[in-house]
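The values are calculated or read from the model by the stated rules, or taken from the named source; none is laboratory data. The model shown is predicted, which means the values in this text are computed figures rather than measured ones. Please note: Cβ atoms are built from the backbone with ideal geometry, for glycine as well, and neighbour counts cover all protein chains shown.
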Amino acid sequence: MGFLGFSFFVLWVLEIVAAQPKTEPREVDAINKIIDHWKLRSKLNLSVDPCIQNATWAPDTANPRIACDCSDTVCHITHLKIYALDVSGEIPQQLFVLTELVDLNLGQNVINDSIPPEIGQLSKMEYLSLGINNLTGLVPAELGNLTKLLSLSFSSNNFQGTLPPQLGNLTSLNQLYIDSSGLSGPIPEELSNLKSLQTLWASDNRFTGKLPKFLGTFTDLKVLRLEGTSLQGPIPSSYGSLTKLEDLRIGDLTADDSSLAFLENLTSLSILSLRNCRIAGPLPEQVSTLPDLEILDLSFNKLTGPIPTSFKNFASLRYLYLGSNNLNGDLTPDVINSKLIALDVSFNSLSGNLLLHRKDLSMNVVGTSINDNNLINGKASSILHCLQGSSKCSTKFPSTSFSVNCGGTKQVSADGIQYDDDSEMLGAASLYSSANSRWSVSSSGVFISNPNGPRFMVQTDSQITNTLDSELYKTARIAPSSLRYYGLGLGSGKYQVELHFAEIQMDDSHSWKGLGRRIFDVYIQGDRVLQDFNIINEAGGSKIVLIKSFEANVTNTVMDIHFYWAGRGTCCIPFQSTFGPLVSAIHVTQVSELNGSSKGKKKHVGRILGITIGCAAGLLIISSIFYLWRTKKETERMLVLTDSPTKG
C-alpha cells in the first residue's frame, strides 16, 4: 500500500469512528464519578467512551458491566452491574443522572446509608437489585415511580419501618425479593395490585396483622415464602386459587387455626412447608394426590386423626415431616411410601407394626406400642421408652454430668473436662446415642434449597479467640429445623447447663459475606431460654467463643436441650442454606457437684449467665416417636427422635 492508499485507509477508519454515536456527556461524567466513588478504577478504567463498540465491559458476563443503547444519535447507558465487589459507601447522586438505565445490579456489596428518593427518577428501570447490602432507613415511596419494573430485590438489608403502599404501582412486577430486609408492620392492601407476581420472598420480617387474603388473587404465583414473620392465621381459603404454585413456605403463624382444605387443587407443588401454622383437623386424603410433591413439612401443628393409607401412593415424595402433632391410629407399612428418604412422625400418638423388609431402607422405630423391637437394641430401647414417658426413667448408678463436643471428636479442655466424641454423621431425620449411653443427639429437617450441601456439621481451620480451648470450637452441629440433645440417666436435682458457641460458618468481615444473620431459639426442659439468639451479635464477632449458662431441674433422669429454627435470619449468606441452629459444645453438671468440685478453678472467659427453672413435663407427653432414614446404600441403623417448640 502506497502513501496515498494508506492515507485513504486512515481517513476511512476515522470516518467509521466518527460515525459511532458518542455517549451523552453528562452520563460520561456521571459514570466516571461513580467509578471513583466506589474505588473501581483498577477494575474499570474508562479512558475511552464508555459506549465504545465491542467494549470489554459490555458483555453479560462482565463485572463491572456497562452496556449502552446507541440506536439514536447519542448513546445512553442502559445497564450497570457492580455485583459482589464489596463496594462500600452510600449510593452517589451521580447514579440518578443515568435516567436511561434499564438494569441496575448493585447486589452483594456493603453499600450503606439509605436509598435516596431520587431513585424514582430512573423510571425506565426494569430490573433493580439492591439485595445483600447494609442499607438502612425507610424503603423510599419513590420506588413506586418505577412502573416498568419486572424484578425488584432489596433482601438482606437493615431497613426500618413498613412497606410503602406505593409499591402497589408496580403492576408489571414478576419478582419481588424482600426477605430479611428489616421491615415491620402490616402488609399494605395496595400490594393487591401486583397481579403479575410469580415469585415473592418475604420471610424473616416483622410483618403484623392477618396473612393477606389478596395473595390468593396472584394466580401466576409460583414461589411464595412467608416464614419467620409475626403474621396471624388462618391461611386464607383464597390460596386454593394459586394453582401454579411450585414452592409454598409459610411458618410460625399465630392466632387462629388453619385448615389444609385449600391444597386440593395446588397440583403443581413440589415443596410445601407449613411448619408451626396452627393447622388443625385431619390430614386430607387429597394431599397425597399432589403428583409432583417432593418435600412435605406439616410439623409443629395441631393435626389429628390417622395418617391416611393413601399417603403410601405419593408419586414423588422424598421427605415427610409430621412430627409434633396429635396424630393417632395405626402406623403400618400401608402408610409408608417406598421412595421416602426421611419420615418424621414423632410426638404423636401412633401405634402399629412398622417392620419393613427392604434391604435398601434404613429403618428405625421407637414407640411403646410399635412392634419393631428387633430394630432397636435393648439399651437404646429402654432409654427411649423412658424419654417418651412410657416407663419411669431410672438407673442403678445415676450420672451427675455429661459433656459433648458437638460435631467433633473427643476433647479434654483446659479445665480438665472431657467432652465426648459427637462426630457421627446425621441425616434429615436421625438420632445418635453415645457409646456410654449418657447422652443422645437428634437432628430433623432438610436444607430445602441445597439438600446435598451442608451435612449437619461444620468445621474450620481458623483459630478461635476468647478461649484456651480453640480446638473445641473448630467443629459444630447445625440443623435446618431442629437440633436436640438429651442428657440420660441423670440424678434428680438442679443442674448448670453450659451452652458453648462460636460462629464458624458465617463471618464478620467487611465483605458482603459478613452480612449474614443466624437467628434461632433455645429451649431447656421445655422452657425457652433464648429467643432470636444471634451468636455473632452477642459474642462480638465470628470465631469468638460465647458461653451461655442456665440452671434447670432434672426430675426423671433426662435433660432436654432443644435448638430450634423459627424461620428467622438470612437464608443465603455466604451461600445457599446457611441458617438454622448451631452449637459447638455442651457441658451439664449437677449444681451440688459443681459447688463441691470447681471452687478455685479458673472460669471460662466469655460466659454470660441466664437462669431458668424448667421441668421435663413437655418431654413426657410423647406417646410414640418415629423417624425413618433411608439412603440408596445400606447404612448403619440409627435411632431417630425429634421434637417440637411447643411440646418441650
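Per-structure values
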item	result
Pairs where the first residue, in region 200-212, is at positive phi and the second is of a type in the set (S, T, N, Q) and surrounded by 23 or more Cβ atoms within 10 Å (Cβ to Cβ), C-beta under 7 Å, 6+ apart	ASP204/SER180
Strands (runs of 3 or more DSSP E) (entirely within region 202-261) containing at least 2 residues that are more than 24 Å from the chain's Cα centre (by Cα)	none
Subset of region 502-515 [outside any loop (DSSP other than H, G, I, E, B) and surrounded by fewer than 24 Cβ atoms within 10 Å (Cβ to Cβ)]	LYS513, GLY514
Which listed residue, of CYS51, CYS75, is buried (at least 16 other Cβ atoms within 10 Å of the Cβ) and outside any loop (DSSP other than H, G, I, E, B)	CYS75
Failed item in (1) modelled with pLDDT under 95; (2) surrounded by fewer than 24 Cβ atoms within 10 Å (Cβ to Cβ), with SER443 passing the rest	(2)
Subset tally (residues that are within 21 Å of the chain's Cα centre (by Cα), surrounded by 22 or more Cβ atoms within 10 Å (Cβ to Cβ) and farther than 16 Å from PRO140 by Cβ) for region 178-199	2
Residue match in region 270-293 (condition: more than 24 Å from LEU231 (Cβ to Cβ), crowded, with 21+ Cβ neighbours inside 10 Å, in contact with an Asp or Glu (Cβ under 7 Å, 6 or more places away or on another chain) and without any contact (Cβ under 8 Å) to a residue 40 or more places away in the chain)	no
Test result for GLU90, surrounded by 15 or more Cβ atoms within 10 Å (Cβ to Cβ) and at pLDDT 95 or above	no
Filtered residue count, region 154-199, keeping only those that are within 13 Å of LEU130 (Cα to Cα) and outside any strand (DSSP E or B)	10
Selection within region 321-343 - in a strand (DSSP E or B), over 15 Å from GLU285 (Cβ atoms) and modelled with pLDDT of 85 or more	TYR321, ASN326, ASN328
Complete set of residues in region 530-557 that are more than 17 Å from ASP508 (Cβ to Cβ), among the β-branched types (Val, Ile, Thr) and surrounded by 22 or more Cβ atoms within 10 Å (Cβ to Cβ)	ILE547, VAL554
Hits in region 308-319 (condition: modelled with pLDDT under 90 and either closer than 12 Å to PHE347 by Cα or aliphatic (A, V, I, L, M) (or both))	ALA315
Positions within region 516-541 being at pLDDT 95 or above and either on the phi > 0 side of the Ramachandran plot or assigned to a helix (DSSP H, G or I) (or both), in sequence order	GLN525, ASP532, ILE535, ILE536, ASN537, GLU538, ALA539, GLY540, GLY541
Breaking point among (1) over 30 Å from LEU340 (Cα atoms); (2) modelled with pLDDT of 95 or more; (3) not charged (D, E, K, R); (4) not in a strand (DSSP E or B), for PHE402	(4)
Among residues of region 473-483, those that are closer than 17 Å to LYS410 by Cα and crowded, with 24+ Cβ neighbours inside 10 Å, counted	3
Qualifying positions in region 262-313 - under 30 Å from HIS562 (Cβ atoms), of a type in the set (A, V, I, L, M) and part of a loop (DSSP other than H, G, I, E, B)	LEU269, LEU274, LEU283, LEU293, LEU298, ILE307
Failed condition for VAL441, given (1) closer than 23 Å to THR589 by Cα; (2) among the β-branched types (Val, Ile, Thr); (3) assigned to a loop (DSSP other than H, G, I, E, B)	(3)
Residues that are aliphatic (A, V, I, L, M) and either free of Cβ contacts under 8 Å to residues at least 40 places away in the same chain or surrounded by fewer than 19 Cβ atoms within 10 Å (Cβ to Cβ) (or both), drawn from region 332-354	VAL335
Pairs, first at positive phi and free of Cβ contacts under 8 Å to residues at least 12 places away in the same chain in region 57-76, second loosely packed, with under 15 Cβ neighbours inside 10 Å and among the polar types (S, T, N, Q), C-beta under 6 Å, six or more apart	none
Filter result for GLY144 (within 25 Å of GLN108 (Cα to Cα), surrounded by fewer than 18 Cβ atoms within 10 Å (Cβ to Cβ), under 25 Å from the mean Cα position of the chain (by Cα) and not assigned by TED's automatic domain parsing to the domain that holds LYS513)	no
Residue among THR208, THR199, THR219, THR229 that is touching a helix residue (DSSP H, G or I) at 6+ places or on another chain (Cβ under 8 Å), of a type outside the set (Phe, Trp, Tyr) and in the same structural domain as ALA261 (by TED's automatic domain parsing)	THR219
Per-region count, region 320-331, residues touching a residue at least 60 places away in the same chain (Cβ under 8 Å) and closer than 22 Å to ARG278 by Cβ	3
